[in-house]
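We did not get these values from a lab; they are worked out from the coordinates using the rules stated. Predicted model only: the values in this text are computed from it and were never measured. Don't worry about glycine lacking a Cβ; one is built from the backbone with ideal geometry, like all the others, and counts go over all protein chains shown.
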Amino acid sequence: MMDKNKYLDKLRDRLDRLPLGELGKVLQKYEKCFEDAGEDREQEVIQELGPYKELAAKIEEEYFSNDDYFLIDILNEKREGISTLRIVVLIFTVYIWAPLIAAAYIFTTSLIIIGLALVFFGLFIIVVGIMALFSSVPTGIFFVGTGFVLIALGILMFIAGLVLIKLVGKVIAFIFGKNKRGECDE
């Protein structure tokens, strides 16, 4: 026996040609029908609405019989989280954002590489400082201290690079209109 959730899921699957905004409105309307009737009358509502296949066909017929739906489709429909208008804007501005994103990734990657290099170089300087301690104590202490400073700077640069790469990823997700799972973009 079909319950409210199963009925609405099957209806949603049948209405996959509708734009996401329109699909959301339709599903809210029928979910409200079920809520108004109450849980004990779910089967009565399903019988009143009829088979989900017929209801989906009726909804699509009403929506697509409108002569303006092509314009509505172009302006509102989301395809995998990105609108048609956004695609057009991205195409015309590619010479601005693509080099900036590439430069940001190169910069953040270089921060990470330089940070790692500083850590290894700092370790090397510490070893040199320990060996220098046997011939000149002040020189050895200077090299050991310098090694620790280089390691600290390297760790800071490495962490900054990781944070900036995450930030660049979020900017790219924003530019391309990617949504987190479970969020609705209307």
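Of all the residues that make up region 125-162, how many are under 30 Å from Ala104 (Cα atoms) and of a type in the set (Phe, Trp, Tyr)?
The total comes to 2.
In region 155-176, which residue that is closer than 16 Å to Val94 by Cα and without any contact (Cβ under 8 Å) to a residue 12 or more places away in the chain is surrounded by the most Cβ atoms within 10 Å (Cβ to Cβ)?
Ala173
Any idea how many residues of region 16-49 are under 25 Å from the mean Cα position of the chain (by Cα) and either in contact (Cβ under 8 Å) with a residue 12 or more places away in the chain or closer than 15 Å to Met2 by Cα (or both)?
8
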